[in-house]
Amino acid sequence: MLKTLGRNALLGDQEDRALLQVSVFVSQLSGERLWGVDKQLPPQIQIAVNVNLLGLEQKPNAIVEAPFVFTVNFTPPIAQITVKGMAHVSGDKEEIDKILEEHKQQKPPPISIVQAVSNTAMAEAILISKTIGIPPPLPPLPMPSDQFPKKTETKYTV
C-alpha cells in the first residue's frame with residue numbers, strides 16, 4: 001500500500017505491518033546543460049539515474065534521517081542533473097529499530113524509502129530537464145503492440 005500525500009508517503013507492506021511515514025525534503029537542485037543550445041541534440045541518448053542514500057541516523061521521537069543524492073547523467077554528455085536532500089522516516093519504534101539494525105549490518109535500505117526519495121527527486125529532475133531543454137529522464141514509451149512483429153506459433157507433436 002502506498003499513499004502519496006504531497007511529498008510525504010505512508011509506506012507499508014501487504015500484511016498491514018506498522019506504517020512508515022517518509023517525508024522527503026529537497027535542499028539543493030542543480031541542472032546544467034552541457035550541449036550547446038544552437039546544436040541539435042543527438043538522435044540517441046543514454047540516461048543513467050542513480051539514487052544514493054548517504055546513511056541513516058537516529059533522531060529523537062522515533063525518526064530516522066537519511067540524506068540523499070539523486071543524479072541523472074546523459075551519454076553523450078548533454079546535461080547533468082543533481083537533486084540533494086533529506087528523507088525523514090517515522091513510524092513504529094520496532095520498525096525504526098529494524099531499519100537501523102539492518103543498516104548496521106550493511107543491508108540495503110528498505111525499498112519503500114528509496115522509492116519515496118526517487119519519486120520526489122524524479123519529479124524535480126523532470127522539471128529541471130524541461131527548463132534547460134533536454135529530454136526528461138524517463139524510460140521510452142513502448143511501441144504499440146500492432147507494431148511488433150507477429151509471433152508465429154510453433155507446435156511440436158510426438
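Please treat every number below as a calculation from the coordinates, not as lab data. As the structure is a prediction and not an experimental result, all values here were calculated from the model. Please note: Cβ atoms are built from the backbone with ideal geometry, for glycine as well, and neighbour counts cover all protein chains shown.
Numbers below:
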item	result
Selection count where residues are touching a residue at least 24 places away in the same chain (Cβ under 8 Å) and either surrounded by fewer than 17 Cβ atoms within 10 Å (Cβ to Cβ) or not in a helix (DSSP H, G or I) (or both), scope region 66-110	29
In region 20-40, residue farthest from Ile134 (Cα to Cα) [restricted to those that are part of a strand (DSSP E or B) and charged (D, E, K, R)]	Glu32
